[in-house]
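Coordinate-derived values only; no laboratory data. The structure displayed is predicted, hence computed values, not measured ones. Glycine gets a Cβ as well: all are built from the backbone with ideal geometry, and neighbour counts include every protein chain shown.
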Amino acid sequence: MSYFVTGGTGFIGRNLIDNLLKRKGTIYVLVRRGSKKKFNALVSERWSDHARRVVAIGGDLTKVKLGVSAADADMLRGKVKHFFHLAAIYDISADADANQAANIDGTRHAIQFAEDIKAGCFHHTSSIAAAGLYHGTFREDMFEEATGLQHPYFRTKHDSEGLVRRQCSIPWRVYRPGIVVGHSKTGEIDKIDGPYYFFKLIQKMRRMLPPWVPTLGLEGGRINLVPVDFVAAAMDHIAHKPKLDGQCFHLTDPNPKRIGEVMNLFAEAAHAPLMSMRVDARLFSFIPAPVKQGLGMLPPVRRIIKQVLSDLGIPKDMLTFFNYPTKFDTRETERALKGSGIKVPSLDTYAWTLWDYWERHLDPELFIDRSLSGQVRDRNVLITGASSGIGKATALMMGEAGANVIIVARGEEALLETKAEIEASGGKAFAYTCDLSDMADIERLTAQVLEERGTVDILVNNAGRSIRRSIALSYDRFHDFERCMQLNYFGALKMIMGFLPAMTKQRRGQVINISSIGVLTNAPRFSAYVASKAALDSFSRCAASEFNDTGVSFTTINMPLVRTPMIAPTKIYESVPTITPEDAADMVKQAVIFRPQRIATRLGIFAQVLHSVAPKISEIVMNSAFRMFPDSAAAKGEKSGKEDQVTQEQVAFASLMRGIHW
């Protein structure tokens with residue numbers, strides 16, 4: 001006995017071949033040129049014990065009679081007892097042309113070839129999509145009754161099955177699997193489909209909340225999931241049973257679960273919070289269709305939906321299944337499988353297996369290039385304040401990653417030292433001196449860089465000035481506020497405005513502003529510094545909204561206390577916890593790789609939340625710190641004295657509030 005299989009290298013196909021190899025006979029597999037390597041790998045790794053029994057037949061689903069050569073057709077004629085046609089598109093997000101070519105034209109060509117070689121029986125793998133969006137129970141003997149076939153996937157699955165029913169002159173059998181998920185024993189699956197699209201949402205929930213926190217979700221219709229091993233075993237068994245020609249078999253779960261139940265099973269497998277409270281999505285049906293359609297057409301609504309679905313990796317078409325209205329009768333299938341021991345396992349027995357396989361092999365995050373070099377190699381990265389501290393550490397890191405590092409600072413000697421270090425480690429660096437508190441000098445710099453280096457892909461505004469002095473000691477030092485604002489805000493803003501037009505034109509770019517944790521904590525004694533950084537933070541949030549659709553992003557890093565020359569004058573910082581410039585550079589690295597709108601420490605975020613929900617408590621904490629950490633002798637205009645000596649109480653408080661400026 002011989003078999004012919006189209007789609008044998010696909011997910012269902014290779015599992016079917018696993019079953020067919022338990023029987024006697026040769027299995028001929030249609031293999032297009034682009035899949036030959038994949039086929040050879042399957043033979044050597046999966047079917048090595050039966051390598052001689054699995055034979056490739058060159059061809060193409062899109063060609064008449066599958067494009068099989070006359071010689072191969074002559075060799076197969078009269079030999080093939082069972083012709084399994086599985087090659088098709090099983091993807092609801094595929095476009096109409098792709099569905100037409102694979103599902104309808106491909107089925108027509110497969111029928112032609114099966115008839116030409118006089119195959120014994122044509123086994124067509126259809127789908128429950130052939131029923132469309134039928135309301136009620138769809139029996140196995142129903143076909144023309146299908147409704148809601150407007151979607152190209154539903155329509156082509158229905159029409160391709162119709163070709164078999166109306167045009168196939170040899171005996172045929174039709175199989176309609178439900179939504180096929182991974183192997184119930186191994187979890188193996190080759191792509192993200194069906195419920196897998198919601199795994200990223202579950203994973204995000206797990207990261208945000210502990211598993212015991214109850215969450216609110218939506219309850220939808222019943223979703224029919226079947227593991228691939230059941231589908232393959234059922235097809236193999238039914239295909240070899242006599243007197244079943246001309247029939248259709250639903251390879252579905254006779255007791256499907258609702259979407260909310262399914263999501264909770266996978267959430268439990270992932271140790272994520274469960275949707276303890278679920279609102280039935282049908283409750284929203286009271287909203288008139290024109291109203292829902294009108295809301296969906298509003299540009300902001302469309303963009304928000306698109307962004308959320310994109311972040312979660314969920315195709316919009318998957319929402320079609322949320323209130324899926326069709327149930328499937330399985331009496332013929334149950335009758336054919338009686339006594340075989342083949343049945344659909346309960347999802348709760350293998351949901352954890354599917355989750356584990358997805359997280360180990362298919363999670364999209366596994367395929368994200370998290371290397372800095374993958375983001376900056378051969379890109380122009382401009383860093384201000386690059387002669388020391390955070391700027392220097394960031395410049396060295398960018399040079400090692402293969403960026404064209406454009407370093408800017410006021411002091412030429414130290415800047416050239418940074419350039420030499422970058423080049424000594426094999427990097428490329430270009431040094432430019434500039435007084436970043438001088439607007440005219442910044443104009444000169446931006447014009448020179450654009451002329452000599454071209455556009456700047458990433459701008460890191462790091463140069464800054466910090467002043468630690470209480471307001472009471474600043475009444476006659478208004479220039480402190482002016483100098484901070486001039487460099488920290490106006491200087492950075494002038495740089496952004498200088499390079500932003502070119503970034504916008506190329507529709508790619510990133511502005512990274514090194515801000516301070518003080519903006520989140522409202523640090524006392526740093527009013528001049530914090531106000532200037534807060535101004536830049538506010539500008540960045542406004543700019544992010546304006547440039548959201550241009551490919552240019554803005555990231556603010558609320559940096560904790562870093563041991564740099566900028567804090568050296570404050571002797572008290574020699575005894576309190578700080579991070580190194582290299583640690584700070586790692587935060588810049590995360591900003592480049594993930595392009596978030598903000599990066600901050602947990603303590604900084606907590607302080608911001610505390611100030612929002614309980615401002616008086618936050619004020620008391622900060623005032624206590626203000627009284628505990630006095631102004632330095634330098635801030636008072638005095639020589640260093642005992643006020644600069646650190647007490648045990650101060651060290652303990654600073655350790656508790658790690659990274660916050662005092």
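Here are the numbers for the structure shown:
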{"quantity": "Spin-label pair Arg165/Trp352, simplified geometry with 7 Å Cα→Cβ offset, distance in nm", "calculated": "4.3"}
{"quantity": "Förster radius 35 Å - calculated FRET efficiency between Ile368 and Ala424 (Cβ-Cβ, nearest 0.05)", "calculated": "0.65"}
{"quantity": "Nearby aspartates and glutamates by direct alpha-carbon distance to Lys65 (threshold 18 angstrom, same-chain neighbours under 8 apart not counted)", "calculated": "Asp74, Asp105, Glu115, Asp116, Glu161"}
{"quantity": "Karplus (6.51, -1.76, 1.60) ³J(HN,Hα), θ = phi - 60°, over region 107-122, in Hz, Gly and Pro reported as x", "calculated": "5, 4, 5, 5, 4, 4, 5, 4, 5, 5, 8, 6, 5, x, 8, 9"}
{"quantity": "Sequence of Asp348, Asp549 once ranked by neighbouring C-beta atoms within 10 Å, starting from the fewest", "calculated": "Asp549, Asp348"}
{"quantity": "Taking Lys191, Lys157 and counting other C-beta atoms within 10 Å, the order from fewest to most", "calculated": "Lys191, Lys157"}
{"quantity": "All-pairs Cα distance distribution in region 2-367, expressed in whole percent, bin size 20 Å", "calculated": "28, 57, 15, 0"}
{"quantity": "Residues Met142, Met587, sorted so that the one with the fewest Cβ neighbours within 10 Å comes first", "calculated": "Met142, Met587"}
{"quantity": "Other-chain or far-sequence residues with amide H under 5 Å of Ile599's (modelled H)", "calculated": "Thr556, Ile557, Asn558"}
{"quantity": "Only Lys, Arg (+1) and Asp, Glu (-1) charged, at Cβ; region 2-367 dipole about Cα centre in debye", "calculated": "500"}
{"quantity": "At 1.567 mPa s and 4 °C, Stokes D of region 411-463 from Kirkwood alpha-carbon radius, µm² per second", "calculated": "105"}
{"quantity": "Of Lys241/Lys343; Lys22/Lys241; Lys36/Lys118; Lys157/Lys338; Lys157/Lys327; Lys36/Lys79, pairs whose Cα-Cα distance is over 19 Å", "calculated": "Lys36/Lys118; Lys157/Lys338; Lys36/Lys79"}
{"quantity": "Protection-proxy order for peptides 33-40, 207-214, each taking the mean of Cβ atoms within 10 Å per residue, highest first", "calculated": "33-40, 207-214"}
{"quantity": "Dipole axis of region 2-367 (+1 Lys, Arg; -1 Asp, Glu on Cβ), positive-most option in Thr125, His158, Thr137", "calculated": "Thr125"}
